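Here is the structure we will look at.
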Amino acid sequence: MKLGIVGLGLIGGSLGLDARALGHVVVGVSRKLSTCQRAISRGAVDDASVDLSILSTVDIVVLCTPLSDILTTTEKVLPFLPKTSILTDVGSVKAPIVAQMQALLIQANAQNPFVGGHPMAGTANAGIESAIPNLFRGNPYVLTPTSTTPDNAVAVVADLVRSLGANLYKCDPSTHDRAVALISHLPVMVSASLIQVCTAERDPLVRELAIQLASSGFRDTSRVGGGNPELGRLMAEFNTDALLASLHQYRSQLDRIIGQVEAGEWNALEARLVETQRDRPLYLKEHLKE
Ligand code: NAP
């Protein structure tokens, strides 16, 4: 199969490394020529260019630009694609992308099917230098077909996802967005707030000692708050309602903890922590396929 990857950063570059290792021919497009050249030298693509005509013979195009660029990029690449090629994306938010993409394809009178996708995999880094092999292996990868998405296109993208060693899930776009608000977008904001509480400590002696003493617990809890700022902003911008709902839920949980601590309700607090200790493994269990 011949794959086109648009946006050669962490996700696009990592996908290219794996797709080539699987024997696919991979061509890439990125905004900067230097990124295209680096993607070639890193072995993430067979060839890459800022010239969109490089996509003229691909079977699948995977849109791996930032969320804010997925639709405008699609508008630009559409005229260069074979009529039968399948479009898919990797954006972290699905409902607005899927709805606008379907409208765009109808407006452009394009026959190309679109299958929304979201690999639940990443690191704190961005750009082609941060691309790594096997990023998707063992991690969930969600496809969000709608009633109008052709089954054969879903099957082709699903096969690609499985071949990466990812665990395939299918759901509708808005259920996806509400679920990832809870387990992905809310944690970014919570973790960012944690880092800011530490940095805002007024006593320089305490702040300096905190920096010295921070160890594995802080590394775990601050990881996603120290990630790509542009990605965090776009999660909030594109998934506003679901993120706000989860932030309000989180604030209400914090208020209940504050109330228990203020009232010295230590048994109630411990009971809460017994529940969270019991429930955490639910979210970390090995992901079941389909
Ligand atoms: P990234 O490392 O910043 O990569 C995006 C790349 O797209 C950039 O390196 C940039 O390359 C290129 N680009 C930007 N605008 C472009 C345009 N208009 N046309 C062509 N190329 C363009 O970001 P990422 O983390 O890979 O995220 C990419 C997508 O994956 C996003 O939609 C995000 O929601 C999704 N995603 C991210 C994660 C994660 O944890 N990082 C996880 C799952 C899904 P140049 O150097 O050429 O400018």
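The values are calculated or read from the model by the stated rules, or taken from the named source; none is laboratory data. Only a predicted model underlies this, so the values are computations on that prediction, with no experimental measurement involved. So basically every Cβ, Gly included, is an ideal-geometry build from the backbone, and we count neighbours across all protein chains shown. Surface areas here come from the heavy atoms of the whole protein model, side chains and all, with no ligands, DNA or RNA. Shrake-Rupley method; radii C 1.70, N 1.55, O 1.52, S 1.80 Å.
So the values come out like this:
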| quantity | calculated |
| --- | --- |
| Contour excess over end-to-end distance, with Cα ends at Asp51 and Asp172 and 0.36 nm allotted per residue | 40.2 nm |
| Beta bridges per DSSP with both ends in the chain, % antiparallel, nearest 5 | 10 percent |
| Sulfur and carbon atoms: percent of accessible area, segment 175-289 [1.4 Å] | 59 percent |
| Proximal lysines relative to Lys170, as straight alpha-carbon distance under 18 Å, when same-chain residues fewer than 8 apart are discounted | Lys94, Lys289 |
| Between segment 240-260 and segment 103-127, the Cα center-to-center distance that results, in Å | 31 Å |
| Residue of Pro204, Pro150, Pro82 that the Gaussian network model of the chain assigns the largest fluctuation, springs spanning Cα pairs under 10 Å | Pro204 |
| log₁₀ of I(q)/I(0) at q = 0.10, 0.16 Å⁻¹ - the chain, Debye sum with one point per alpha carbon | -0.60, -1.29 |
| Solvent-accessible surface (1.4 angstrom probe) belonging to Ile258, in square angstrom, nearest 10 | 80 Å² |
| GNM top mover of Arg219, Arg272, Arg20 - the chain, alpha-carbon springs below 10 Å | Arg272 |
| Table column - 3J(HN,Hα) (Hz), segment 168-177, Karplus curve with 6.51, -1.76, 1.60, x for Gly and Pro | 7, 10, 10, 7, 7, x, 6, 5, 3, 5 |
| Relative contact order for the chain, counting Cα pairs under 8 Å that sit 6 or more residues apart, in percent | 15 percent |
| Alpha carbon Rg of segment 106-194, scaled by the compact-globule rule 2.2 N^0.38 Å | 1.26 |
| Where labels lie 7 Å past Cα in the beta-carbon direction, separation of Val261 and Glu208 in nm | 2.6 nm |
| Whole-Hz ³J(HN,Hα) from phi, Karplus 6.51 cos²θ - 1.76 cosθ + 1.60, for segment 195-209, glycine and proline x | 4, 5, 4, 5, 5, 7, 4, 7, 7, x, 5, 5, 4, 5, 5 |
| Compactness relative to 2.2 N^0.38 Å, alpha carbon Rg of segment 158-217 | 1.83 |
| Environment charge of Val98, counting only residues whose C-beta is closer than 15 Å and scoring Lys/Arg +1, Asp/Glu -1 | 0 |
| About the Cα centre, charge dipole magnitude for the chain (Lys/Arg +1, Asp/Glu -1 at Cβ), debye | 380 debye |
| Fraction of beta bridges assigned by DSSP in segment 2-171 that are antiparallel (%, nearest 5) | 10 percent |
| Within-15-Å neighbourhood charge of Pro150 [Cβ basis; K, R +1; D, E -1] | -1 |
| Quotient of Cα Rg and 2.2 N^0.38 Å for segment 2-171, N being how many residues it contains | 0.93 |
| Heavy-atom accessible surface of segment 1-45: percent carbon and sulfur, 1.4 Å | 54 percent |
| Taking segment 2-171 and dividing mean pair separation by its residue count, relative contact order in percent (alpha carbons under 8 Å, at least six apart) | 22 percent |
| For segment 175-289, the Rg and Dmax computed from alpha carbons only, in angstrom | 16.3, 50 |
| Whole-angstrom gap from segment 18-38 to segment 179-214, using each part's C-alpha centre | 36 Å |
| Distance between modelled label sites at Ser68 and Asn134, nm, 7 Å Cα→Cβ extension | 3.5 nm |
| Å² of accessible area per residue within the chain, as computed with a 1.4 Å probe and no ligands counted | 54 Å² |
| Distance in nm between pseudo-label sites at Thr123 and Ser252 (7 Å out along the Cβ direction from Cα) | 3.9 nm |
